[in-house]
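Working notes, beginning with the structure itself.
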Amino acid sequence: MPSPITTELVKELRDTTGISVMQCKRALEEAEGDIKKALAILKKISSDIALKKGNREVKDGAVMIKTTGKKSVLVSLHCETDFVSRNEDFTSLLSSLTDIALLKGIEKMKEGARDIINPIIQKTGENIELGDIYEVEGDILGNYVHNNKSGVIVSLAGGNVELAKDVAMHITAMQPENIPELLDQPFIKNPDQTIGKLLGSFDAKIKEVKRYSI
């Protein structure tokens, strides 16, 4: 016997999926009040919508970096417009993907990414695609993100986290092509000192740099 479609049931499905009340109600009606079946229906709808939008070009997006212990990850997520890139649902999606990549690994995140991206495609009406993803490990890590559009992770041998952050900020602003060019550039906070001399004053060296810009 079908379960009654109560306001509480619709709200539960809405809270779980973030999809509109009307869509949740229709899914529950089709599923005869079975919330598990309704979730499966909404998942298929989201997948179908994502498939239709899959060929649309994603020119905008955002970058996020998170760090725990001796590991940092940079995740980029692309969408069609700047408006959606600043949308709360899009930002929350990017944060969730970054958390998964940081705690469970990039490959694990990629495996389940589509299931959490598709509902946001359905909500925003735009195509959304994962961009580049990087992981950096090291004892001294610093990062900098500018306007959610450009991000840099720097790993140092020697020095400290603040120094690594300063170098990451400099790279974001000055966009050196390679490490030798970076070392010869005047430090953006103190043009009288090159990045190479700045690092030397801390007896530090660059181990690795990862960066991405939308």
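The values are calculated or read from the model by the stated rules, or taken from the named source; none is laboratory data. A quick note: this is a predicted structure, and the numbers were derived from the prediction, not measured. Glycine also receives a Cβ, built like all others from the backbone with ideal geometry; neighbour counts cover every protein chain displayed.
For segment 5-34, how many residues meet the condition of being farther than 18 Å from Thr124 by Cβ and at pLDDT 75 or above?
Adding up the residues that qualify gives 19.
Out of all the residues in segment 156-164, is one or more in contact (Cβ under 8 Å) with a residue 12 or more places away in the chain, in contact with a Lys or Arg (Cβ under 8 Å, 6 or more places away or on another chain), buried (at least 17 other Cβ atoms within 10 Å of the Cβ) and under 15 Å from Ile65 (Cβ atoms)?
First pass over segment 156-164, keeping only residues in contact (Cβ under 8 Å) with a residue 12 or more places away in the chain: 156-164.
Retained after the next criterion (residues that are in contact with a Lys or Arg (Cβ under 8 Å, 6 or more places away or on another chain)): 156-158.
Applying the additional criterion that residues be buried (at least 17 other Cβ atoms within 10 Å of the Cβ) yields 156.
From what is left, the residues that are under 15 Å from Ile65 (Cβ atoms) are none.
Within segment 156-164, not a single residue is in contact (Cβ under 8 Å) with a residue 12 or more places away in the chain, in contact with a Lys or Arg (Cβ under 8 Å, 6 or more places away or on another chain), buried (at least 17 other Cβ atoms within 10 Å of the Cβ) and under 15 Å from Ile65 (Cβ atoms).
Within segment 52-90, how many residues are surrounded by fewer than 19 Cβ atoms within 10 Å (Cβ to Cβ), in contact with a strand residue (DSSP E or B) (Cβ under 7 Å, 6 or more places away or on another chain) and either in a helix (DSSP H, G or I) or not assigned by TED's automatic domain parsing to the domain that holds Ile116 (or both)?
Count: 1.
Which of the following residues is of a type outside the set (A, V, I, L, M) and assigned by TED's automatic domain parsing to the domain that holds Ser96: Glu162, Glu129, Glu208?
Numbers: Glu162 fails: assigned by TED's automatic domain parsing to the domain that holds Ser96; Glu208 fails: assigned by TED's automatic domain parsing to the domain that holds Ser96.
Just a single option satisfies the conditions, and that option is Glu129.
Go through the residues of segment 181-204 one by one and say whether even a single one is among the aliphatic types (A, V, I, L, M) and touching an Asp or Glu at 6+ places or on another chain (Cβ under 8 Å). First the steps, then the outcome.
First, the residues of segment 181-204 that are among the aliphatic types (A, V, I, L, M): 182-183, 188, 195, 198-199, 204.
So of that shortlist, the ones also touching an Asp or Glu at 6+ places or on another chain (Cβ under 8 Å) come out as 195, 198.
Yes, segment 181-204 contains at least one residue that is among the aliphatic types (A, V, I, L, M) and touching an Asp or Glu at 6+ places or on another chain (Cβ under 8 Å).
From the residues in segment 114-138 that are under 21 Å from Gly151 (Cα atoms) and of a type in the set (Gly, Ala, Ser), which one is nearest to the chain's Cα centre (by Cα)? Reasoning before the result, please.
Filtering segment 114-138 down to residues under 21 Å from Gly151 (Cα atoms) leaves 128-138.
Now drop any that are not of a type in the set (Gly, Ala, Ser), which leaves 131, 138.
Working: Gly131: 9, Gly138: 21 Å.
It comes out as Gly131.
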